[in-house]
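Q: Quick one: structure below, then a few questions.
Every number in this text was worked out from the coordinates using simple rules, so none of it is lab data. No experiment lies behind these values; they were computed from the predicted model shown. FYI the Cβ positions are ideal-geometry reconstructions off the backbone, even for glycines, and counts take in every protein chain you see.
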Amino acid sequence: MTDNNDRFESRVRAVFDEGVGRIDGYTRSRLTQARFAAVAELGKPALWRGGWIPAGAVAAVAVLAVALWLQPGGVGEATLATPRVTVLADDFELLVVGEDLDLLNEDLEFYAWVAEAELPNGVG
Amino acid sequence: MSQAQALERFLATVERRAFRIARGAVRDGDDALDIVQDAMISLARSYGRRPATEWKPLFYRILNNGIRDFMRRRKVRMRVMTWWPSRSAAEEDAYDPVAAAPDPAGGPLQQLEGEQALASLEAGLAALPGRQREAFILRALEGLDVAETAVAMGCSEGSVKTHYFRAVHTLRDRLGEHWT
């Protein structure tokens with residue numbers, strides 16, 4: 001029985017291997033291109049390889065959509081127009097305007113101190 | 001040898017065999033090419049930095065999953081398409097010069113017999129339950145050992161042995177005595 005099985009497996013393998021050998025030139029060329037494309041993936045930074053850039057773009061769009069929905073005058077204002085929502089919208093505006101980002105970069109430590117310090121009434 | 005060279009060499013050894021496996025399962029050359037290409041890219045992305053000794057079972061696992069996903073999507077598409085009118089018989093039988101062109105690799109009678117034998121084998125494999133088919137292809141055609149096959153199939157080694165045993169017997173009965 002084992003001999004029969006061995007012969008059967010050998011025959012099946014031979015038929016399959018011959019079939020692999022008969023693959024036409026067009027298909028072989030396409031497979032070579034696919035192989036090169038796959039190997040090129042190794043050279044890409046992990047950020048690109050893992051598809052994090054598209055995922056990040058989707059996340060950014062989702063945040064933008066939520067912020068627009070929650071902003072004053074937006075669709076969500078009627079039900080969620082709380083001070084916290086206003087702050088969120090303001091923060092978002094601050095983040096999307098390039099000039100304000102530049103301002104933040106100038107002295108982050110100073111802004112951190114301002115946020116923590118107890119300022120006298122009428123200041124800030 | 002660099003990791004890229006090692007990966008290139010590995011893919012060169014499996015790509016045609018992977019194509020034959022995918023082609024036998026989905027019965028379409030272009031679809032099979034897409035599945036193999038996706039499998040190669042997935043391997044490079046997810047496991048390209050891993051030791052080369054791990055690639056073979058991982059590659060076949062990705063390939064099997066790709067074939068399974070494709071078959072599932074096609075089944076859904078076929079269900080949807082039954083709601084649309086099919087093409088007429090005349091359209092189906094229309095002369096296709098590309099299909100009728102001789103295979104550049106074809107010619108001698110021996111090759112024809114080889115193609116017929118391969119077609120019988122593919123039909124026999126297609127008729128097997130999915131897990132048995134996977135076990136047989138990985139063990140008998142790709143030469144993976146039981147442990148590697150278990151990794152590729154995502155199951156225990158005992159399950160591999162059971163699926164393989166049943167596949168061999170079913171396939172032998174189906175293909176007939178002249179195969180043994």
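Q: Of A:Glu9, B:Glu54, A:Glu18, how do they rank once you tally other Cβ atoms within 10 Å and put the fewest first?
A: On the way: A:Glu9 19, B:Glu54 12, A:Glu18 16.
Ascending number of Cβ neighbours within 10 Å: B:Glu54, A:Glu18, A:Glu9.
Q: Here is a further query. For A:Ala14 and B:Arg49, what does the FRET efficiency come to when R0 = 25 Å and r is the distance between their Cβ atoms, rounded to the nearest 0.05? Walk me through the numbers before you get to the answer.
A: Working: r = 36 Å, r/R0 = 1.45.
Computed FRET efficiency for A:Ala14 and B:Arg49: 0.10.
Q: Considering only the other residues whose Cβ falls under 10 Å of the Cβ of B:Leu128, what net charge follows from Lys and Arg at +1 and Asp and Glu at -1?
A: With Lys, Arg at +1 and Asp, Glu at -1, the neighbours total +3.
Q: OK, next. Which Rg and Dmax, in Å, describe the Cα atoms of segment A:2-43?
A: 16.3, 48
Q: For B:Lys161, B:Lys75, what ranking results if the residue with the fewest other Cβ atoms within 10 Å of its Cβ goes first? Walk me through the numbers before you get to the answer.
A: Working: B:Lys161 15, B:Lys75 9.
Lowest to highest Cβ neighbour count: B:Lys75, B:Lys161.
Q: Using +1 on the beta carbon of Lys and Arg, -1 on that of Asp and Glu, and nothing else charged, what's the dipole of segment B:1-82 about the Cα centre, debye to 20?
A: In debye, rounded to 20, segment B:1-82 gives about 380.
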